[in-house]
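Data block below; observations after.
The values are calculated or read from the model by the stated rules, or taken from the named source; none is laboratory data. Computed from a prediction, not measured in an experiment: that's the story for all the values here. Cβ atoms come from the backbone with ideal geometry, glycine included; neighbour counts cover every protein chain shown.
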Amino acid sequence: MKVVLFAGGVGTRLWPLSRKHTPKQFEKIIGDKSTLQLAVDRVSPIFKPSDIFISSGMMYKDILHQQLPQLPKSNFILEPEMRDVGAAVGFSVAVLEKIAKDEPFIILWSDHIVKNEDLFRNVLVVVGKILEKHKDKIVFIGQKSRFASQNLGWIEFGDKADEVDGVPIYVFKSLHYRPDLDVAENFHASPHHAWNPGYFGTTPGFLLSLYKKYAPKIYEILLKIQEAWGTDEFENVVKKLYPQIEKISFDNLILEKIEANDGFVIGADLGWSDIGAWESLKEALSKNELDNATRGKVTVNDCKDSLVFNYTDQMVVGIDLDGVLVINTGDVVLVCPKNSVPKIKDLVKSLEGTPHEGLT
């Protein structure tokens, strides 16, 4: 079994820590390693270095080699430019299909927290066992919901279909992305819904067949890229053809179109959190909503539900903060309410073409 870790996003919602040239997945958000390094460490006990692949951008090639010297350089699948996740997944699966058409592989993301690592690895092993018997399926991994999130995707599943190594396997029904609050509350209360971390396993041959079925134009380009993989012409072929692929999300391109009988679901409490935004990082680090989350030289007095991260040698002091984010990176200090995080992306965009563009 192989695994592909996706590490190509810019991560604007974690600005000013995450920048274009050093996105969030390469930064030490938690502890002394980047989230990408932590993600590789998380799977290394069950995957050999030769079976761990990284999907990212060509502009991050040097960072990748520096942070992950244990991985073969041929395992870095590098986009010449960002074309959204539909293209990135297609690129990776075309490469894997040439290497191992029917060998199970798992797609994971490099900017998440998974606290229950032993359970997580056990689930990955179970996914591989399912796919050894069902090569024409997608096995989704769901996280038991902790609250009625409107910002995450949800998986709906039906009756129990099987059990492997004590892990129940459920019939897949449908995916729902960012529901309204009332719908999210119903999902949270339902025993047949879970958060969708975007983790799933399948075989390269089956997933590429879905591209052929639902995105034939992209499929034809992927075949040409696949043919060039491993040759001296590969880099030139990718640079020429990859920009021709439509910019579209993987969910819109493939997942929203698959049939219910194409999938299974494993639901588990993995301790998973998407830390792609400051408010979600705060939720992941706090035992309860009113707790504060701090990093670096920070003192907080009479504060609650706030995140104060200081990446400098200065002292940052917060008094009477309630639901506030304070991020100090040395060249930028961001201060805003937690619920204003969606505005960060527009703020960063407004800096383009100004004397402050270098801060983006």
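Structural remarks
- Residue within the stretch 161-171 that is of a type in the set (D, E), modelled with pLDDT under 95 and under 18 Å from N261 (Cα atoms) present: yes
- Applying the criterion of being in contact (Cβ under 8 Å) with a residue 60 or more places away in the chain and assigned to a loop (DSSP other than H, G, I, E, B) to the residues of the stretch 11-30, the residue that is farthest from I107 (Cα to Cα) is P16.
- Sole residue being buried (at least 17 other Cβ atoms within 10 Å of the Cβ) and not small (G, A, S), chosen from L222, L175, L181: L222
- Of the residues making up the stretch 313-334, those that are over 28 Å from the mean Cα position of the chain (by Cα) and either surrounded by fewer than 18 Cβ atoms within 10 Å (Cβ to Cβ) or modelled with pLDDT under 95 (or both) are D313, Q314, M315, V317, I319, D320, D322.
- Set side by side, the residues A87, A94 differ, and just one is within 17 Å of the chain's Cα centre (by Cα), more than 14 Å from L5 (Cα to Cα) and in the same structural domain as K144 (by TED's automatic domain parsing), which is A87.
- Wholly within the stretch 132-201, strands (runs of 3 or more DSSP E) carrying at least 2 residues that are in contact (Cβ under 8 Å) with a residue 24 or more places away in the chain, over 17 Å from the mean Cα position of the chain (by Cα) and within 24 Å of K2 (Cβ to Cβ): 153-164, 167-177
- Verdict on S50 being over 15 Å from the mean Cα position of the chain (by Cα) and small (G, A, S): yes
- Filter pass, E132 being within 28 Å of A184 (Cα to Cα) and either assigned by TED's automatic domain parsing to the domain that holds A268 or aromatic (F, W, Y) (or both): no
- Note on the stretch 220-237: residues that are assigned to a helix (DSSP H, G or I) and over 12 Å from V95 (Cα atoms) amount to 5.
- Listed conditions (1) at pLDDT 95 or above; (2) crowded, with 16+ Cβ neighbours inside 10 Å; (3) of a type in the set (A, V, I, L, M) are all met by L17, apart from (1).
- Just one of the listed residues (G166, G158, G201) is on the phi > 0 side of the Ramachandran plot and either among the small types (G, A, S) or not assigned by TED's automatic domain parsing to the domain that holds G86 (or both), and it is G166.
- Residues that are touching a Lys or Arg at 6+ places or on another chain (Cβ under 7 Å), aliphatic (A, V, I, L, M) and not in a strand (DSSP E or B) within the stretch 270-312 comprise A277, L290, listed in sequence order.
- In the set K173, K247, only one residue is basic (K, R) and under 30 Å from V10 (Cβ atoms); that residue is K247.
- Elements of type helices (runs of 4 or more DSSP H) in the stretch 31-109, at least 1 residues being buried (at least 23 other Cβ atoms within 10 Å of the Cβ): 35-43, 84-99
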